[in-house]
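Written below as structure tokens is the structure these notes are about.
The values are calculated or read from the model by the stated rules, or taken from the named source; none is laboratory data. Note that the structure is predicted; figures quoted are calculated from it, not measured. Glycine gets a Cβ as well: all are built from the backbone with ideal geometry, and neighbour counts include every protein chain shown.
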Amino acid sequence: MATAPSPTYSAVTLNINGEKHTLTVDHRTTLLDALRERLDMTGTKKGCDQGQCGACTVLIDKRRAVSCLQLAVAAEGREITTIEGVAEGEQLHPVQQAFLDLDGYQCGYCTPGQICSAVAVIEEHAAGWPSAVTDDVRPEAGPPPLTADEIRERMSGNLCRCGAYVSIVQAVARAAGIPAEAGPVPGSAQDGSTREGAAA
Ligand code: FES
Ligand code: FES
């Protein structure tokens, strides 16, 4: 006796920015497409659609994720934060404010992903997570100084075709609370050692 084909659609409830959204999706629908095409939440951008540019970055359970590689059905029950949910009402998140104040963008297409990524970078760093450029990775060493190299490495999954990297690094440093009196972030325009087009 022939078995019935498996259903290819399911109803899922996604918890996005504190609100529940129930929709029926093809199992192959990515979270990115569910956000943009089904829920009209177009703040999250589609760049490469294959996990390489970071434009589609959102937070899932406060961790960074590229939503083009995440199936919507796999995101059920998780806490999803998109760029639309980063601010507190009318109050911009400090990362958003720093990007505005320091021109951390040109065309702005990569910016939602950059901002979501930076929000998590600052939390990851404060929690003591090392990066690939951290010298002392012993837990007792605590968080490393959030240097420009640390910021660039931690933000390296977010590409910017406009090359706004210098300002992006400065904005992340500002939002992380690195005081201006500490001097220019090494590698910034003011530092005089800017690497043109250096990857963030
Ligand atoms: S669109 Fe997802 S990483 Fe590029
Ligand atoms: S600001 Fe244009 S791609 Fe980054």
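Summary table
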| quantity | calculated |
| --- | --- |
| Of all residues in segment 139-151 being closer than 23 Å to HIS93 by Cβ and assigned to a helix (DSSP H, G or I), the one that is nearest to ligand 1 (Cβ to nearest atom) | ILE151 |
| Residue count for segment 89-100, restricted to those that are at pLDDT 95 or above and exposed (fewer than 15 other Cβ atoms within 10 Å of the Cβ) | 2 |
| The listed residue being more than 30 Å from THR24 (Cβ to Cβ), among the aromatic types (Phe, Trp, Tyr) and touching a Ser or Thr at 6+ places or on another chain (Cβ under 7 Å), out of TYR105, TYR165 | TYR105 |
| Index of the failed condition, GLY108 passing every other in (1) within 16 Å of ligand 1 (Cβ to nearest atom); (2) among the small types (Gly, Ala, Ser); (3) surrounded by fewer than 21 Cβ atoms within 10 Å (Cβ to Cβ); (4) touching a residue at least 12 places away in the same chain (Cβ under 8 Å) | (4) |
| Output for segment 104-130, where each listed residue is part of a loop (DSSP other than H, G, I, E, B) and at pLDDT 95 or above | GLY104, TYR105, GLN106, CYS107, GLY108, TYR109, CYS110 |
| Residue ranges of strands (runs of 3 or more DSSP E) in segment 21-84 with at least 2 members within 17 Å of THR8 (Cα to Cα), within 15 Å of ligand 1 (Cβ to nearest atom) and in contact with a strand residue (DSSP E or B) (Cβ under 9 Å, 6 or more places away or on another chain) | none |
| Residue under evaluation ASP136, criteria (1) assigned to a helix (DSSP H, G or I); (2) more than 19 Å from THR57 (Cβ to Cβ), criterion not met | (1) |
| Candidate set: segment 85-103, residues that are hydrophobic (A, V, I, L, M, F, W, C) and in a loop (DSSP other than H, G, I, E, B); chosen: the one nearest to ligand 1 (Cβ to nearest atom) | VAL86 |
